[in-house]
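Heads up: the structure comes next, in structure tokens.
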């Protein structure tokens, strides 16, 4: 949420492309509907991506690409991966020696882990946290929590997934806790 995840993904992809190295970019269907199948950054850059849904099988997708020299697989909004898909990406990484870089958020607006995030936290070799600043006035702490708003009002209940960056604000745990009383 405004930490530069998609920008960082697109920059990583660019670094491979300028060296003529083959990458595959993926974005979840739930996000692709809003962004026309592209990974996009608030800075205005975007790139076409392969759209996946909960039934998408990464091993099946890459099974006929063994003759390609794939340098990296990049996944945007990785919190929307299923447990099985995280395991499939681990398998592809381990068996084919292809780096897989996943970008996403840890928790939803109620402070609950997304499934994709939970299994990435469990299975990833390396975790790199991109930092952004708490939106509470005067606070400069690291933002780790997300609050959802609808028509300017704080939302505490509802579906876990509601796409739209303008619906969310990020806070440090202290201010999120005071604001939501959820933790």
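The values are calculated or read from the model by the stated rules, or taken from the named source; none is laboratory data. From a predicted model like this one, the values you see are computed outputs, not experimental measurements. FYI the Cβ positions are ideal-geometry reconstructions off the backbone, even for glycines, and counts take in every protein chain you see.
For the reader, a short list of remarks on this structure follows.
- Matching residues, region 135-155, being over 19 Å from residue 4 (Cα atoms) and surrounded by fewer than 13 Cβ atoms within 10 Å (Cβ to Cβ): 137, 138, 150, 151, 152, 153, 154
- Unique residue being over 20 Å from the mean Cα position of the chain (by Cα), surrounded by 15 or more Cβ atoms within 10 Å (Cβ to Cβ) and farther than 21 Å from residue 176 by Cβ when the list is 98, 70: 70
- Selection count, region 17-60, where residues are part of a helix (DSSP H, G or I), surrounded by fewer than 16 Cβ atoms within 10 Å (Cβ to Cβ) and modelled with pLDDT of 95 or more: 3
- Residues that are modelled with pLDDT under 95 number at least 1 in the following strands (runs of 3 or more DSSP E) confined to region 88-155: 145-150, 153-155.
- Just one of the listed residues (4, 37) is in contact with a strand residue (DSSP E or B) (Cβ under 6 Å, 6 or more places away or on another chain) and at positive phi, namely 37.
- Here residue 159 meets each of (1) within 15 Å of residue 30 (Cβ to Cβ); (2) more than 17 Å from the chain's Cα centre (by Cα); (3) in contact (Cβ under 8 Å) with a residue 40 or more places away in the chain with one exception, condition (3).
- Scanning region 144-183 for residues that are in contact with a strand residue (DSSP E or B) (Cβ under 8 Å, 6 or more places away or on another chain) and on the phi > 0 side of the Ramachandran plot returns a single hit, 158.
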